[in-house]
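The values are calculated or read from the model by the stated rules, or taken from the named source; none is laboratory data. Computed from a predicted model, the values in this text were never measured in an experiment. With ideal geometry, Cβ positions are generated from the backbone for all residues, glycine too; neighbour counts draw on all protein chains shown.
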């Protein structure tokens, strides 16, 4: 079957965005159109393809088997179109997208996204800023960055911002791979070795403090406070210290066996990771593409 000639790029873009968000209202807000208009676009596409692409589960739109198949091909096709358009003007000056990336996404997820984005839009510069959560939220509010990738801001920070959920990530307790006390019960271990905690300004510190409270260790004095991988890794490898940190920061070290995880026995040591941007912020060339690639990469990672 040859694709119906009435299928347009607006149909494909709408379909891919809905597949990522699972919501018509969220996509309509992002695209600056009404929900009924977006719904008509989706209905047109399903009619032209002669197959349902989504089914409704509770309050979300979930891809059908046919929809998942079409998504794989549509995503590749749209990326090829965008790469082709960029190739027509290889010497043209590009735009800059300013991105704030927290440590939890800086070692694995975002480097993959950045490389893929470069393949498709080589004329666009990604200016990447790293730092603690409170610092990046401040930059986002001031307009100094266009997008933040990391933990979900707390309720008091959300005014004027919108958050798109990507995945849930665990806060883990790690030590060097051959740590002699790695099988010790956590409460005993924490009383015997130096402990690294996230700084008080880190968004994961509250969850770690709540966990320590369950062991009556609310007043635990850390030896060091950091979420910086180079510093934390070096301290762990050179001592018997242990570190509470987002798993994404140390995932590669865990895979290599340089570090090991120590079971905390806690189910609540996790939190949402996603994309945060300003409500009604100015249009930035390439930002929609970067968001879509990030969401697709997070889906594959999950």
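Go through (1) over 17 Å from the mean Cα position of the chain (by Cα); (2) within 20 Å of residue 286 (Cα to Cα); (3) in a loop (DSSP other than H, G, I, E, B) and name the single condition residue 145 misses.
It fails just one condition, (1).
I'd like the full set of residues that are within 17 Å of residue 172 (Cβ to Cβ) and over 27 Å from the mean Cα position of the chain (by Cα), limited to the stretch 205-216.
Those that are within 17 Å of residue 172 (Cβ to Cβ) and over 27 Å from the mean Cα position of the chain (by Cα): 214, 215.
Return the residues of the stretch 203-216 that are crowded, with 16+ Cβ neighbours inside 10 Å and closer than 16 Å to residue 185 by Cα; say none if nothing qualifies.
Looking only at the stretch 203-216, we keep the residues that are crowded, with 16+ Cβ neighbours inside 10 Å, and these are 203-205, 207-209, 211-212.
Selection gives 211, 212.
From the list 214, 201, which residue is outside the structural domain of residue 125 (by TED's automatic domain parsing), out of contact with any helix residue (DSSP H, G or I) (no Cβ under 8 Å at 6 or more places or on another chain) and modelled with pLDDT under 90?
Going through 214, 201 in turn, the sole match is 214.
In the stretch 26-118, which helices (runs of 4 or more DSSP H) lie fully inside it and hold 2 or more residues that are without any contact (Cβ under 8 Å) to a residue 60 or more places away in the chain, touching a helix residue (DSSP H, G or I) at 6+ places or on another chain (Cβ under 9 Å) and surrounded by fewer than 16 Cβ atoms within 10 Å (Cβ to Cβ)? Steps first, please.
Values: elements: 35-49, 65-87, 103-106.
Hits in the stretch 26-118: 35-49, 65-87.
Return yes when residue 277 is in a strand (DSSP E or B) and buried (at least 17 other Cβ atoms within 10 Å of the Cβ) and no when it is not.
yes
Is one or more of the residues making up the stretch 282-298 in contact with a strand residue (DSSP E or B) (Cβ under 8 Å, 6 or more places away or on another chain), closer than 30 Å to residue 32 by Cβ and surrounded by fewer than 13 Cβ atoms within 10 Å (Cβ to Cβ)?
No, the stretch 282-298 contains no residue that is in contact with a strand residue (DSSP E or B) (Cβ under 8 Å, 6 or more places away or on another chain), closer than 30 Å to residue 32 by Cβ and surrounded by fewer than 13 Cβ atoms within 10 Å (Cβ to Cβ).
Taking residue 154 as the residue in question, decide whether it is buried (at least 16 other Cβ atoms within 10 Å of the Cβ) and either in contact (Cβ under 8 Å) with a residue 60 or more places away in the chain or at negative phi (or both).
Here the answer is no, as residue 154 does not meet what is asked.
Report the residue count in the stretch 222-243 for those that are in contact (Cβ under 8 Å) with a residue 24 or more places away in the chain and in a helix (DSSP H, G or I).
Going through the stretch 222-243 one residue at a time, the tally reaches 6.
Listed residues 137, 162; which is in contact (Cβ under 8 Å) with a residue 24 or more places away in the chain, outside any loop (DSSP other than H, G, I, E, B) and crowded, with 21+ Cβ neighbours inside 10 Å?
Result: 137 is the single residue among 137, 162 that is in contact (Cβ under 8 Å) with a residue 24 or more places away in the chain, outside any loop (DSSP other than H, G, I, E, B) and crowded, with 21+ Cβ neighbours inside 10 Å.
Looking only at residues that are touching a residue at least 12 places away in the same chain (Cβ under 8 Å) and closer than 13 Å to residue 207 by Cβ in the stretch 253-272, which one is surrounded by the most Cβ atoms within 10 Å (Cβ to Cβ)?
Top of the filtered list is 269.
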